[in-house]
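The values are calculated or read from the model by the stated rules, or taken from the named source; none is laboratory data. Owing to the predicted nature of the structure, the values given are computational and were not obtained by experimental measurement. A quick note on method: Cβ atoms are made from the backbone with ideal geometry, for glycine too, and the neighbour counts reach across all protein chains shown. Accessible surface is based on the protein model in full, side chains and every heavy atom, while ligands, DNA and RNA are left aside. Shrake-Rupley method; radii C 1.70, N 1.55, O 1.52, S 1.80 Å.
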Amino acid sequence: MHVLKSPGAPLATRFAVRCAAGLAALALSAAAFAAEPQVSLKTSMGEIVLELNHDKAPIAVDNFLKYVKSGFYKGTIFHRVIDGFMIQGGGMDAQFHGRRTNKPIKNESNNGLSNDKYSVAMARESNPDSATSQFFINVVDNPGLDYPNMQGSGYTVFGKVVKGQDVVDKIKGVVVDDIHGLENVPVTPVVIQSATILKGDKLVK
């Protein structure tokens, strides 16, 4: 008479190992997927690293990364600096020449993110859906820029500074003047020398 044998420990162990390995791979995959992109802005005053929040502001983040990947920001300046408010850049070069931009994007200010100190947000005109390449870094908490303020169309926050807060603080304190019809322009240009997406061990932990 044949007696059915129990799979026993070896088979059960192999199954458990395979399950554990699969779960570990899934966990690693999920962690990689969940990681938010980081962008290094190397400026004439030091490096600023931005961590972007794709989960909360997918349109703004995709838009910003498109400009980064194309090399658009290289050679642009922080052309508007107001201590006690924000520093703004990404629109023109040191000769105050503008650059051709992509189409404006939809406002995402109603995403739960706030214009807190060291957050980064999209600059725009009076039309809420007019943001293109320009962005600003808040140097203080600016709750007045949040949704539902500004007639229900605040400014879209899409990330934060995770390294180089000291550089932001240096930039906000530069001497400014009215130049070429623009107000609050740094007398000595603050230039974005490069903008690159960080990967691997370059990421700020």
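Can you pull out the residues in the range 112-163 that are under 22 Å from Y73 (Cβ atoms) and of a type in the set (K, R)?
Result: R124, K160, K163.
For the range 183-205, which residues satisfy the criterion of being part of a strand (DSSP E or B), open to solvent by 60 Å² or more (accessible area, probe 1.4 Å) and farther than 18 Å from T43 by Cα?
The one that is part of a strand (DSSP E or B), open to solvent by 60 Å² or more (accessible area, probe 1.4 Å) and farther than 18 Å from T43 by Cα: E183.
So in the range 125-135, with the set limited to residues that are assigned to a loop (DSSP other than H, G, I, E, B) and not β-branched (V, I, T), which one is least open to solvent (accessible area, probe 1.4 Å)?
Looking at residues that are assigned to a loop (DSSP other than H, G, I, E, B) and not β-branched (V, I, T), I get S133.
May I ask you to list the residues in the range 136-161 that are within 19 Å of P58 (Cα to Cα), open to solvent by less than 60 Å² (accessible area, probe 1.4 Å) and in contact (Cβ under 8 Å) with a residue 40 or more places away in the chain?
F136, I137, S153, G154, Y155, T156, V157, F158, G159, V161
Filter the range 56-81 down to the residues that are part of a helix (DSSP H, G or I) and among the aromatic types (F, W, Y) and list them by number. Write out each step before concluding.
Here is the first cut: in the range 56-81, the ones part of a helix (DSSP H, G or I) are 58-70.
If the condition is that a residue be part of a helix (DSSP H, G or I) and among the aromatic types (F, W, Y), then F64, Y67 are the ones that fit.
Can you name every residue in the range 37-59 that is charged (D, E, K, R) and touching a Lys or Arg at 6+ places or on another chain (Cβ under 9 Å)?
Across the range 37-59, the qualifying residues are E47, E51.
Given the structure, is E51 surrounded by fewer than 18 Cβ atoms within 10 Å (Cβ to Cβ), modelled with pLDDT of 95 or more and either polar (S, T, N, Q) or in a strand (DSSP E or B) (or both)?
no
Consider M92 against the criteria (1) in contact (Cβ under 8 Å) with a residue 24 or more places away in the chain; (2) buried (at least 17 other Cβ atoms within 10 Å of the Cβ): it satisfies all of them except one. Which criterion is unmet?
(1)
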